[in-house]
1. Search segment 33-55 for residues being farther than 17 Å from residue 73 by Cβ and in contact with a helix residue (DSSP H, G or I) (Cβ under 8 Å, 6 or more places away or on another chain), and hand back the single one that is modelled with the lowest pLDDT.
2. Pick out, from segment 157-198, the helices (runs of 4 or more DSSP H) lying fully within it that include 2 or more residues that are surrounded by 13 or more Cβ atoms within 10 Å (Cβ to Cβ), at pLDDT 90 or above and in contact with a helix residue (DSSP H, G or I) (Cβ under 9 Å, 6 or more places away or on another chain).
3. Could you pull out every one of the helices (runs of 4 or more DSSP H) wholly within segment 49-131 that has 3 or more residues that are under 21 Å from residue 168 (Cβ atoms)?
4. Which of the residues that make up segment 118-160 are free of Cβ contacts under 8 Å to residues at least 12 places away in the same chain and farther than 13 Å from residue 96 by Cα?
5. Cβ-Cβ distance below 8 Å, separation of 6 or more or different chains: which pairs start in segment 78-103 with a residue that is on the phi < 0 side of the Ramachandran plot and modelled with pLDDT of 95 or more and end on one that is surrounded by fewer than 17 Cβ atoms within 10 Å (Cβ to Cβ) and not in a helix (DSSP H, G or I)?
6. Scan segment 23-39 residue by residue and report those that are buried (at least 16 other Cβ atoms within 10 Å of the Cβ) and part of a helix (DSSP H, G or I).
7. Please determine, by comparing only the residues of segment 111-128 that are crowded, with 20+ Cβ neighbours inside 10 Å and over 17 Å from the mean Cα position of the chain (by Cα), which one is modelled with the highest pLDDT.
8. Quick test of your reading of the structure: residue 140 fulfils all but one of (1) crowded, with 20+ Cβ neighbours inside 10 Å; (2) not in a helix (DSSP H, G or I). Name the failing condition by number.
């Protein structure tokens, strides 16, 4: 009797997706230098970590979601500008850009009656019907727009230290709560009940 081959552990996926952001946070907090130097060092390490994560995803997971590619490109581009100009504002703008792009893609899909969330993140909700996908796409489109606006407000009103802490921990917790709040709607639209207790991971958009 053949054994069912198990895929990679979910923890490996989480490490690949969220590891670079955590490394960025820890490098900045632990760097024994002045604020700007610490930001530049952390940004360089962040760029290297995202490239390592991409390679790991290709080797271990055998695929990289479109959102992860977009995030990686923005980290490299905005991080490069940050290092070149010695200006932390550019790496802080990266979340705004990716949230705004995601929101625009999802809203454009809704105009065409297409659940673009399914393309961006993949078939992550087994059994969900088309109406459920459209509602979920609508909800996340609005949420990403909110995050884009919130990031700009935080960037303009908070110190880099506070902004980074809220970005890493506050936004992550808020995203988990928002994802969980969608579960009742997903169950009404065909989500496999066995999936409801699993982490609702929509990929890394950091």
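The values are calculated or read from the model by the stated rules, or taken from the named source; none is laboratory data. As the structure is a prediction and not an experimental result, all values here were calculated from the model. Every residue, glycine as well, gets a Cβ built from its backbone with ideal geometry; the counts of neighbours run over all protein chains shown.
1. This residue is 33.
2. The qualifying helices (runs of 4 or more DSSP H) are 160-165, 171-181.
3. Here the list reads 66-85, 89-111.
4. Passing the criteria: 123, 157, 158, 159.
5. Every condition considered, the pairs that remain are 81/87.
6. Across segment 23-39, the qualifying residues are 23, 24, 25, 27, 28, 38, 39.
7. 115
8. Among (1) crowded, with 20+ Cβ neighbours inside 10 Å; (2) not in a helix (DSSP H, G or I), residue 140 violates only (2).
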